[in-house]
Amino acid sequence: MMDQKHRETIDLYCKDIVPRINIIKLWPKLVENQIFNRDDVNISRWKTNLTDKAIIQDIYLTIKTRGPFAFHRFVTSLRQSDHDDLADILEGKKIFSNDNIQKNINYETMKDNNIEETAFPETVPVIEEIQDDFYRNIQVSEVPLQIQVRKATKFLDEPVYENVQTYPMRRNPRGLVLIITNIDYKHSGKEPRSSAKHDESNLKQLFDQMGFHVISYCNLTGEELLEKIKKFSQYKELRNVDSCFIIISSHGNIHTQYEITEIVGVDRNEENEMQNSKTVLCTDILDYFTAENCPHLAGKPKIFIFQLCRGDKKQKSVKKPRHTTDTSNLHTSEEMMGFKTNNKETMRNYEDMLIAHATLPGYVAFRDNITGSWFIQILCEVFMKYAHNTHVQDLLNMVDERLKIQRTTREECQTLMVTSIGFNKHCYLNPGLFEEP
């Protein structure tokens with residue numbers, strides 16, 4: 001049975017959320033996330049007039065009867081179908097603006113003061129985001145982000161879905177973080193990345209406040225970069241932590257021979273190929289952290305963040321097309337068959353890796369000359385505010401959504417690219433909360 005608090009939350013916001021739902025976009029996610037299945041007795045009735053407001057309300061309220069995981073699955077379905085504002089309402093991240101009641105009113109306050117639901121106007125109220133000045137002003141701000149991490153109040157390491165586990169994240173320190181920031185290049189072919197100093201500072205503060213141990217280097221040659229990463233992957237301290245982050249901020253490009261993203265060391269000489277630094281490919285970095293090469297992190301989450309250009313092309317924004325198709329999205333693909341094995345003596349060499357590139361292959365990654373790179377600024381802002389109750393994959397989804405909204409102009413835009421290599425569990429960072437020794 002669904003938790004009573006979640007049932008009350010669904011009832012409380014029914015009149016405000018139902019009119020805002022695009023059911024054509026939401027319905028496939030409700031099925032995909034197993035809130036409803038194809039054999040549900042209600043589906044044939046609902047599909048006769050799926051977009052009718054009464055049907056949408058019936059679907060919304062029926063979620064209360066779909067078990068203990070249904071609320072979280074519903075919130076996930078909302079986010080996956082571009083209903084983030086509605087998900088924020090249900091999770092208490094947004095509040096109502098109303099002249100008759102305080103803006104920070106919640107359900108318990110309403111009950112304590114005998115405020116009826118009719119105190120809300122019949123028209124859909126205006127929703128205001130909780131104070132988020134940096135997010136709103138990121139394009140014009142001349143002051144770097146100030147890091148203040150919101151700490152977790154309880155461990156989120158119980159499965160949210162029956163079939164999706166979570167990585168244990170309780171130790172102190174939570175993990176080790178390696179930050180490599182290249183700013184000053186020795187040759188004239190590469191301009192200095194002066195504002196990247198703010199990225200480095202913000203990342204240090206972010207992970208320190210979350211409870212990680214941070215190791216940081218600046219201005220490394222290609223050879224030095226590989227040496228530091230290899231040494232980091234062999235630290236004995238990795239046995240006693242739950243995770244690691246490897247974050248590299250540098251000039252980069254696509255290697256012409258391998259067509260793979262290359263990290264450019266500070267000794268790279270564009271004018272003299274004979275003096276070029278050692279080639280460092282992003283795939284080389286991953287190889288140091290396989291189960292074979294880094295057994296201390298076997299089975300633990302390893303998250304790689306690359307703030308690099310991956311080519312010279314600039315991604316241009318385009319107008320939304322007027323045309324669309326009438327293809328139905330109400331049916332999800334058939335479930336893949338799973339195969340169980342009893343072999344516990346072996347494990348996959350490449351797994352538990354999550355890789356986030358600031359941009360797409362072939363394209364540049366933008367950096368503000370005053371406050372730092374777009375991607376790292378937004379990543380720090382999202383992690384410090386939402387890591388206390390949101391797992392890493394969804395945090396990165398939020399980062400990309402902010403990149404889309406705040407950094408899409410008439411001339412240019414940037415798209416985050418996230419790749420999972422066997423990263424099949426939820427990873428809650430539980431910032432600032434540690435298990436008692």
- Query: Can you pull out the residues in segment 19-30 that are crowded, with 19+ Cβ neighbours inside 10 Å and either among the hydrophobic types (A, V, I, L, M, F, W, C) or assigned to a loop (DSSP other than H, G, I, E, B) (or both)?
  - Reply: 21, 23, 26, 27, 30
- From the residues in segment 283-306 that are open to solvent by 10 Å² or more (accessible area, probe 1.4 Å) and in a loop (DSSP other than H, G, I, E, B), which one is nearest to residue 178 (Cα to Cα)? 288
- Item | Selection status of residue 267, in contact with a Gly (Cβ under 9 Å, 6 or more places away or on another chain) and assigned to a loop (DSSP other than H, G, I, E, B) | yes
- Item | Conditions (1) within 20 Å of the chain's Cα centre (by Cα); (2) modelled with pLDDT of 55 or more; (3) surrounded by 12 or more Cβ atoms within 10 Å (Cβ to Cβ): number failed by residue 136 | (2)
- Message: Please verify whether residue 75 is at pLDDT 90 or above and over 23 Å from the mean Cα position of the chain (by Cα), treating the condition exactly as stated.
- Response: no
- Task: Might you let me know whether segment 1-15 holds any residue that is open to solvent by 90 Å² or more (accessible area, probe 1.4 Å), more than 15 Å from residue 80 (Cβ to Cβ) and not in a helix (DSSP H, G or I)?
- Result: yes
- Item | Within segment 140-173, considering residues that are farther than 30 Å from residue 67 by Cβ, of a type in the set (A, V, I, L, M) and within 19 Å of the chain's Cα centre (by Cα), the one surrounded by the fewest Cβ atoms within 10 Å (Cβ to Cβ) | 147
- Item | Residue, least open to solvent (accessible area, probe 1.4 Å), within segment 259-282, restricted to residues that are at pLDDT 85 or above and out of contact with any strand residue (DSSP E or B) (no Cβ under 8 Å at 6 or more places or on another chain) | 266
- Note on the structure: A careful count of residues in segment 195-239 that are over 18 Å from residue 172 (Cβ atoms) and free of Cβ contacts under 8 Å to residues at least 12 places away in the same chain gives 2
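The values are calculated or read from the model by the stated rules, or taken from the named source; none is laboratory data. Just so we're clear, the structure is a prediction, and the values are computed from it rather than from any experiment. Every residue, glycine as well, gets a Cβ built from its backbone with ideal geometry; the counts of neighbours run over all protein chains shown. Areas reflect the complete protein model, heavy atoms only, side chains present, ligands, DNA and RNA absent. Shrake-Rupley method; radii C 1.70, N 1.55, O 1.52, S 1.80 Å.
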